[in-house]
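The values are calculated or read from the model by the stated rules, or taken from the named source; none is laboratory data. Treat the numbers as computed from the prediction; the structure is a model and nothing was measured. Using ideal geometry, Cβ is built from the backbone for each residue, glycine included, and neighbour counts are taken over all protein chains shown. Heavy atoms of the whole protein, side chains included, go into the accessibility calculation; ligands, DNA and RNA do not. Shrake-Rupley method; radii C 1.70, N 1.55, O 1.52, S 1.80 Å.
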Amino acid sequence: MPSPRQRKSARKTPLAAIVLAAGKGTRMKSRRAKVLHQVCGRPMVYYPVKRALEAGAAPVVVVVGHQGEAVRTALEALLPGAPLRFARQERQLGTAHAVLCAKPALRGYRGPVLILSGDTPLLTVRTLRAVLAARPAPGSLAFATMVLENPEGYGRVVHSPEKGPALIVEERDATPEERKIQEVNAGLYAADAEFLWKTLSRVDAKNAQREFYLTDLVALAAEGPGAVAARVSPVEASGVNDQEELSLAARALTRRIAQSLMESGVTIEDPERFDADEGVEVGPDTVIEPSVRLRGATRIGPGCRIGQGSVIESSEIGPGVQIRPYSVIDRSRLAEGCLVGPFARLRPETVLAEGVHIGNFVEVKKSRLGPGTKANHLAYLGDATVGAGVNVGCGTITCNYDGERKNPTFIGDGVFVGSDSILVAPIRIGKGAYLAAGSTLTESVPAGSLALGRARQVTKRGWVRKRNAARAAARK
Ligand code: UD1
Ligand code: CA
C-alpha cells in the first residue's frame, strides 16, 4: 500500500501511455488479431494496459486497427471506468506510424509518455518504473533492452563506443555481424511528449519492410543528448509473436499467479500442473491437487480441497468445501462444508447451502439445494428448488423439459426421494413426504404422504418350471 504522501506525489507527476495494438500478428497464423489471444483468461493486450494504469498513466491510449472494435469492447469491459482512450490506425504502416496515430488523443499533454507493445503480457509495474526512471533529462528517450540467448526476431541494439546506444537495427535490416548481437530492444519506451512528436515526424520508411519504425527514435536521439538503454529481465519483457510464445507467456503468467497464491498460504501440490485465470482468489489452507483449472471470477474460501482434474469456472466456493477429483463446476455457489464429486457436474446457477453432498455422476443445473441435502449417486436435478435434509436417491431425474419449456420442481424439507424416481415437472413434493423407489410421479404430493407411482409387482410362482416342461413337450 502506498502511503498517503506517496499517493499524493504520484498524482502530481503526469504520465501518459500508448499501447500499440493495431497489428494483425501474421505469425500467429490465426484469424483472431494477435492482441486478442487469451493469456490466463484475458486478452493479451489487457496486461500492458493494466500495468500502465497501475504505474499511474492517465490517459492510456490504445492504438487499435485489426479487430479494433473487439479490442476496445474487451478492454472497456475488463477495465470499467479506467482512463482509456482509443486511437485508430487504419493501415499498419509500422510502429512509429502507430504512435503518431495516438497524437490527437494526447493533444496538449506535456510530460513523459510510456510506449508499450500490446503483445508483452509479462511486463511488471517495476519494469515500467525502471524505464521511466532511466529517462535522462527531459527531452530524450529511454528504452528497455534485454539480453537473450537466442535474439532471433528482435531488433538488435547497436552501441557506439563513446555514446551509449547508437541505433536499433531490425532483424531483416541487420548485417550478419549485427545479428550476432544478443542485446535486443524489448519494445518498451519512455519518452518526453515534446521530443516524441518532434522526432517522430522525421522517421521515414527506408528499410526492408517499408515501414515506419519506432526504433529509429534511438538513432535520431543520438543526434542530441542520446537515448538511454535500461536493462530489464527477459522474463518480463518477452513479446508474443507466435503460438509457441503465447503458450510460454501463459505458462509464465500462471506460474506467477501460483506463486502469489502460495505466498498467501494456499498449498498447490504441483504448480506446473495448475492453471488459473488472472484474478482468481483462493483462501489460505486450501489444498489444490494436480491438474486443477480455476477460471474466470472464481473465489475459493479457506480450508478447501480441490481434487485432481477439477475445472471451476466463475464460481464461489465457501470455506471447508471438498471437491473430489474430476468435477466440473460452472457459475455456481457452494456454501461452507459442501462435498462434491468425484465426477460431479454443477452447471450454471446451481446454489448449494451448507453441507450439501453431491456425489459421482450427479448433474445439477439452475437449482437450489437446502442445507444438508444429499444426492450421492447418478442423478439429474434441473430447475429444482430442494429444501433442507432431503435425500435424493440414486438415479433420480427431474423431467424439467416438456419439449417446449423448462418446468420447475419443488421438493420440501426432509423429503425422501426413493431411488430411480422420475419427477415430471411442474411438480411439488410437500415436506417430509416419502417417494417410493422406481416411481414416476406426475402429480404433486402433499406433505407427509407416501407416494407410489409404479406398476404393482406380479410374481408367478413356479413359472420357470412350467415353461421348461412346455418346451420339453414341444421338442418331442
Ligand atoms: C518490435 C520492434 C523490435 C523489438 C520488438 C520487441 C519495431 C520496428 N520493432 O518488433 O525492435 O525488438 O518489437 O517485441 O518497432 N503495431 C501497430 N501498428 C503497426 C505495427 C505494429 O499497432 O503498424 C503493434 C503490434 O500490434 C504489436 C506492436 O506494435 O502489438 C509490435 O509490433 P510487432 O509487429 O510485433 O513488432 P516486432 O516485429 O516484434
Ligand atoms: Ca512483437
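Taken together, the residues in the range 44-80 that are under 15 Å from the mean Cα position of the chain (by Cα) and over 14 Å from residue 22 (Cβ atoms) amount to 7. I'm trying to understand the selection: among the residues of the range 387-419, which are among the hydrophobic types (A, V, I, L, M, F, W, C), open to solvent by 10 Å² or more (accessible area, probe 1.4 Å) and closer than 13 Å to residue 372 by Cβ? Passing the criteria: only 388.
One line per residue, one yes/no per condition, for (1) open to solvent by less than 20 Å² (accessible area, probe 1.4 Å); (2) in contact (Cβ under 8 Å) with a residue 12 or more places away in the chain; (3) on the phi < 0 side of the Ramachandran plot:
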{"residue": "240", "(1), (2), (3)": "yes, yes, yes"}
{"residue": "243", "(1), (2), (3)": "no, yes, yes"}
{"residue": "255", "(1), (2), (3)": "no, yes, yes"}
{"residue": "265", "(1), (2), (3)": "no, yes, no"}
{"residue": "268", "(1), (2), (3)": "yes, yes, yes"}
{"residue": "283", "(1), (2), (3)": "yes, yes, yes"}
{"residue": "289", "(1), (2), (3)": "no, yes, yes"}
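A quick yes/no check of all residues on (1) surrounded by 20 or more Cβ atoms within 10 Å (Cβ to Cβ); (2) of a type outside the set (A, V, I, L, M, F, W, C); (3) within 20 Å of residue 274 (Cβ to Cβ):
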| residue | (1), (2), (3) |
| --- | --- |
| 333 | no, yes, no |
| 340 | yes, no, yes |
| 344 | yes, no, no |
| 366 | no, yes, no |
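Which of the residues spanning the range 200-212 are over 25 Å from residue 175 (Cβ atoms) and surrounded by 15 or more Cβ atoms within 10 Å (Cβ to Cβ)? Across the range 200-212, the qualifying residue is only 200. Those strands (runs of 3 or more DSSP E) of the range 351-441 in which 1 or more residues are of a type in the set (A, V, I, L, M, F, W, C) and either within 21 Å of residue 340 (Cα to Cα) or in contact (Cβ under 8 Å) with a residue 24 or more places away in the chain (or both) occupy 357-365, 374-382, 384-386, 397-399, 409-411, 422-424.
Only a single item in (1) crowded, with 18+ Cβ neighbours inside 10 Å; (2) farther than 22 Å from residue 302 by Cβ; (3) polar (S, T, N, Q) is not met by residue 376, and it is number (1).
If I ask for residues that are within 12 Å of ligand 1 (Cβ to nearest atom) and not in a loop (DSSP other than H, G, I, E, B), which ones from the range 189-218 would you list?
So the first thing to find is which residues in the range 189-218 are within 12 Å of ligand 1 (Cβ to nearest atom), and the list is 189, 203, 205, 207-218.
If the condition is that a residue be within 12 Å of ligand 1 (Cβ to nearest atom) and not in a loop (DSSP other than H, G, I, E, B), then 189, 216, 217, 218 are the ones that fit.
The number of residues in the range 102-135 that are touching a Lys or Arg at 6+ places or on another chain (Cβ under 7 Å) and either among the β-branched types (Val, Ile, Thr) or surrounded by fewer than 23 Cβ atoms within 10 Å (Cβ to Cβ) (or both) comes to 4.
Of 228, 235, all but one fail to be loosely packed, with under 15 Cβ neighbours inside 10 Å, modelled with pLDDT under 95 and more than 15 Å from the chain's Cα centre (by Cα); the exception is 235.
All conditions in (1) of a type in the set (A, V, I, L, M); (2) within 16 Å of ligand 2 (Cβ to nearest atom); (3) more than 38 Å from the chain's Cα centre (by Cα) hold for residue 219, with the sole exception of (2).
With the structure loaded, tell me whether residue 50 is of a type in the set (Lys, Arg) and within 14 Å of ligand 2 (Cβ to nearest atom) or whether it fails that test. When the stated conditions are applied, residue 50 does not pass them.
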